1. Is one or more of the residues making up the stretch B:242-253 away from chain A (no Cβ under 14 Å), modelled with pLDDT of 95 or more, closer than 28 Å to residue B:179 by Cβ and buried (at least 19 other Cβ atoms within 10 Å of the Cβ)?
2. Examine the stretch B:49-68 for a residue that is in contact with a helix residue (DSSP H, G or I) (Cβ under 9 Å, 6 or more places away or on another chain), surrounded by fewer than 22 Cβ atoms within 10 Å (Cβ to Cβ) and away from chain A (no Cβ under 14 Å), and state whether such a residue exists.
3. Checking the condition surrounded by 15 or more Cβ atoms within 10 Å (Cβ to Cβ), within 14 Å of chain B (Cβ to nearest Cβ) and out of contact with any helix residue (DSSP H, G or I) (no Cβ under 8 Å at 6 or more places or on another chain), which residue from A:38, A:60, A:21, A:8 passes?
4. Of all strands (runs of 3 or more DSSP E) completely enclosed by the stretch B:266-372, which ones contain at least 2 residues that are touching a helix residue (DSSP H, G or I) at 6+ places or on another chain (Cβ under 7 Å) and under 14 Å from residue B:385 (Cβ atoms)?
5. Let me confirm something: among A:71, A:51, which residue is touching a residue at least 40 places away in the same chain (Cβ under 8 Å) and either within 10 Å of the chain's Cα centre (by Cα) or within 14 Å of another protein chain (Cβ to nearest Cβ) (or both)?
6. Against the conditions (1) more than 30 Å from residue A:36 (Cβ to Cβ); (2) part of a loop (DSSP other than H, G, I, E, B), where does residue B:250 fall short? Just the number, please.
7. Within the stretch B:78-92, identify whether any single residue is in contact with a strand residue (DSSP E or B) (Cβ under 8 Å, 6 or more places away or on another chain), under 24 Å from residue B:276 (Cα atoms), at pLDDT 95 or above and within 14 Å of another protein chain (Cβ to nearest Cβ), and answer yes or no.
8. Within the stretch B:176-191, is even one residue within 14 Å of chain A (Cβ to nearest Cβ) and assigned to a loop (DSSP other than H, G, I, E, B)?
């Protein structure tokens, strides 16, 4: 079974930007509501496969996208 | 005389400096698409229609950022028009005091907030004279002081089409460590601007003029080197982010974008921006087209219309905006006759720019203004010149 992680952002604009960059890079991703146990924010975050974390970080760094943190989903 | 353009019932629209018309079909379709297919509130919920709305807004950010050479779409701040954007920049930078420098060609959208801050918050404002419509760079540099926080420069006049050199004035500002705010209400989408090479820190644009979006759109672009911590927000409220805090977020673009954005309008703005980018020759091509129409009109009317005069030197007109008068005629009467019976739409008076008219010697009487857009043609101008010939020959107001 795949393990998933979510990337949390300061601004919801960054999450949309990220989803676009990951799509362009051919990395599986999905916009999902922020899990309540991670933040009480009402926006959304980007879910990725945990095995892709390093590739994702690389894409975000190259794209200049700021993110708050990456959390594993249990 | 009959209107040669398509049908006599179709108005000839020479008021593109107020707002461009007609809008490209793509813009209308994009607004309808948001309203009928998407409909969600961008950045506020996790459901698909909210995400789709967020995608639309982000596409608009990307389109506008790319038009002005900005790499980071987070540095596009959406406001409701250029005036709203200019108020954010001017009040956000100056409401704690300081000194500002501006030009004698400003629109009221910059000089009114500056004068209000002068009256209420004790800021000081130096207005640099613009003989013939252009600020003298040496005079501009002399006006900068150690406590100057902001220079506010009208890129091109909404009344006369005369341009200030952002490169020259911007380099002066950089040398003196002064933030430059460029009012590009009339030039965004008309004159190419690249924030990577043009030394502008904050650029204000209208979405419904040269970008062919709907009214209710506009914004600011912040250069990579500008520290937005210097510009306080004017509005505080919901941003869809940091919902657990009662304090305004400090990151871009949320710090300045409280409240639901005009998503329908931004959907149209995205389509309008992509439309002008898709035109052959891009923004440079648009400028050449509009300048050519302005020069053609000034030459034809100068030859054929009795008592025609234009206060701006034709060589200085850099956009599709021309101001003129007909000797012995009130500008408002000329505009009224153009509208009825000739069905030509234009604007007369001071164009919310009394200071620019004072500079050009046309205050308080004002001028008639024609402002051309991408859809105007020389045939329409020929028709308008013939109409002006008839109006100039009128003995009295019918």
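The values are calculated or read from the model by the stated rules, or taken from the named source; none is laboratory data. Note that the structure is a prediction, hence the values are computed from the model and not measured. Heads up, the Cβs are rebuilt from the backbone with ideal geometry, glycines too, and the neighbour counts pull from every protein chain shown.
1. The answer is no, given that none of the residues of the stretch B:242-253 is away from chain A (no Cβ under 14 Å), modelled with pLDDT of 95 or more, closer than 28 Å to residue B:179 by Cβ and buried (at least 19 other Cβ atoms within 10 Å of the Cβ).
2. No, every residue in the stretch B:49-68 fails to be in contact with a helix residue (DSSP H, G or I) (Cβ under 9 Å, 6 or more places away or on another chain), surrounded by fewer than 22 Cβ atoms within 10 Å (Cβ to Cβ) and away from chain A (no Cβ under 14 Å).
3. The conditions single out A:8.
4. Result: B:321-326, B:367-371.
5. Step by step, each of A:71, A:51 is checked, and only A:71 is touching a residue at least 40 places away in the same chain (Cβ under 8 Å) and either within 10 Å of the chain's Cα centre (by Cα) or within 14 Å of another protein chain (Cβ to nearest Cβ) (or both).
6. Answer for residue B:250: the failing condition is (1).
7. Yes: the stretch B:78-92 contains one or more residues that are in contact with a strand residue (DSSP E or B) (Cβ under 8 Å, 6 or more places away or on another chain), under 24 Å from residue B:276 (Cα atoms), at pLDDT 95 or above and within 14 Å of another protein chain (Cβ to nearest Cβ).
8. No: the stretch B:176-191 contains no residue that is within 14 Å of chain A (Cβ to nearest Cβ) and assigned to a loop (DSSP other than H, G, I, E, B).
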